[in-house]
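Have a look at the structure below before the remarks.
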Amino acid sequence: MNTRIFGKTGRVVSEVGLGTWQLGGGWGEVTDEAALAALRAAYEAGTTFLDTADVYGDGRSETLIGKFLKESQARDRIFIATKLGRFGDPGWPANFSRAAVRQHTEASLRRLGIDALDLTQFHCVPPEVLMRGELFGWLAELQREGKIRAYGASVEAMDEALWCCAQPGCAALQIIFNIFRQKPIHVLFDAARRNGVALIVRLPLASGLLGGKMTAATKFPTNDHRNFNRDGQLFNVGETFAGLPFEKGVALADQLKPLVPVGMTMAEMALRWCLDFEAVGTIIPGAKSAAQAQANARASVLAPLGAERHVKLAAFYEREVAAHIRGPY
């Protein structure tokens, strides 16, 4: 596993991390045993960056990571990033108070069984709330107390990302970025580099579309967001299939197949594509099994895709994809 410096924190992290939304719920059933196996496999493959959130399974994801940290005795080697702002107690808008930010931070620490969070991110909170600025001030207080080591935000749109980049204390931004969502290259990457802000890439496989195995007839469990949020019924449509209508996304993925290098799977190409950008700090594909975690990690050791393939993929995005993206971007 290759590593990268995580922005102004100076920490060294694996360039392929593990996103753990699926371990809390929202992607179909994952047993505790399967979740722990995925965490172990990711760590054994060199993954040292784990991303979670208090709202994933109402704390289940954090609790499972806490169990893994205890059994593995690997806390000193693992970077723990969590998120807050969407938890149900007390809920919106009461979550956006100094007391609630402290309450949710301390609850995450208890579930994870650690003394300090390596990174706390506001979790796609309303832009008008985020840009009041006082939220980052409350995280700065917790940083001074030693409860968190760095802070940032998970955002939906590039205007939010650019505002965060300009805040001196912001150490990291989590964004949607993949072959189907290329806008950050032109809008955000230079600003992030100038300000030492690490970029965490979520949905590098566009909710599985870029695995290349789905068809228009593919069905998902009732408790999978790819079933219940495919048109933004419950939260931002961009979080599901990168904002593309499902059938259109399947068709676009099929069109990409001739561009996959010999010896690579489409998923490997999609992950490698993200890693080819120096501005990316780490990518956080999810995994519901040990095998998926190991497969994701392999992207780190693959050869770069090369300039010619990047030009073709950029042209494909502009010509075939960009006009179909829905939601804040």
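With each label modelled as a point 7 angstrom along the Cα→C-beta vector, the Ala116-Gln294 pair spans 3.6 nm.
Spin-label model, Val262/Ala307: points 7 Å from Cα along the beta carbon direction are separated by 2.3 nm. For helix 307-316, report the angle its Cα long axis makes with the longest principal axis of the Cα atoms of the chain; keep it between 0 and 90° and round to the nearest 10°. Helix 307-316 sits at roughly 90 degrees to that axis. Placing unit charges on the Cβ atoms of the charged side chains and taking the dipole of the chain about its Cα centre, the candidate lying farthest along the positive direction among Gly146, Thr105, Gly24 is Gly146. Over all other residues within a Cβ to Cβ distance under 12 Å of Pro221, the charged ones net out to +1, with Lys and Arg as +1 and Asp and Glu as -1. Residues in segment 286-303 carry Karplus couplings, in order, of x, 8, 9, 8, 4, 4, 5, 4, 5, 5, 4, 5, 4, 4, 5, 9, 6, 5 Hz; the curve used is 6.51 cos²θ - 1.76 cosθ + 1.60 with θ = phi - 60°, and Gly or Pro positions show x.
The residues packed around Ala299, meaning those with a beta-carbon under 9 Å from its beta-carbon, carry a net charge of 0 if Lys and Arg are +1 and Asp and Glu are -1. 3J(HN,Hα) along segment 110-116: 5, 5, 6, x, 10, 8, 8 Hz, from the Karplus curve 6.51 cos²θ - 1.76 cosθ + 1.60 with θ = phi - 60°, whole Hz, x for Gly and Pro. Grouping the Cα pair distances of the chain into 20 Å bins from zero gives a pair-distance distribution of 34, 61, 5 percent in increasing distance order.
Longer than 32 Å from Cα to Cα, which of Lys70/Lys257; Lys83/Lys257; Lys83/Lys183 are they? Say none if no pair is. Violating the 32 Å Cα-Cα cut-off are Lys70/Lys257; Lys83/Lys257. Close amide-amide hydrogen proximity is noted between Leu305 and no other residue 5 or more places distant or on a separate chain, at a cut-off under 5 Å (H modeled in the peptide plane; Pro and chain starts excluded). Sorted fewest first by neighbouring Cβ atoms within 10 angstrom, Arg98, Arg319, Arg4 come out as Arg319, Arg98, Arg4. Our estimate of slack between Ala314 and Glu29, defined as 0.36 nm per intervening residue step minus the Cα-Cα distance, is 99.1 nm.
Rounded to the nearest whole Hz, the Karplus-based 3J(HN,Hα) values (6.51 cos²θ - 1.76 cosθ + 1.60, θ = phi - 60°) of segment 122-128 follow the sequence 5, 9, 6, 7, x, x, 5, with x at glycine and proline.
If you take the alpha carbon atoms of segment 109-188 and fit the smallest convex hull around them, that volume is 104 Å³ per residue.
Compared with the dominant Cα axis of the chain, that is its longest principal axis, helix 32-44 is turned about 80°. Helix 60-72 and the longest principal axis of the C-alpha atoms of the chain enclose an angle of approximately 80°.
Just want the ordering: Leu210, Leu302, Leu188, from fewest to most Cβ atoms lying within 10 Å of their own Cβ. Don't jump to the answer; show the numbers that get you there.
On the way: Leu210 27, Leu302 16, Leu188 22.
Fewest to most other Cβ atoms nearby, the residues stand as Leu302, Leu188, Leu210.
Ranked for footprinting exposure by Cβ neighbours inside 10 Å, fewest first, Ile200, Ile175, Ile185 give Ile185, Ile175, Ile200. Here's how it looks for Phe49: its modeled amide H is under 5 Å from those of Ser14, Leu18, Phe79, which are all 5 or more places away or on a different chain.
Fully extending the segment from Lys70 to His186, taken as 0.36 nm per residue of separation minus the present Cα-Cα distance, adds 37.6 nm. Here's how it looks for Ile148: its modeled amide H is under 5 Å from those of Leu117, Gln143, which are all 5 or more places away or on a different chain.
A short reminder: the numbers here are calculations on the coordinates, not readings from a lab. What you are looking at is a predicted structure, and each value in this text was computed from that prediction instead of being measured. Cβ coordinates were reconstructed from backbone atoms using ideal geometry, including for glycine residues, and neighbour counts include every protein chain displayed.
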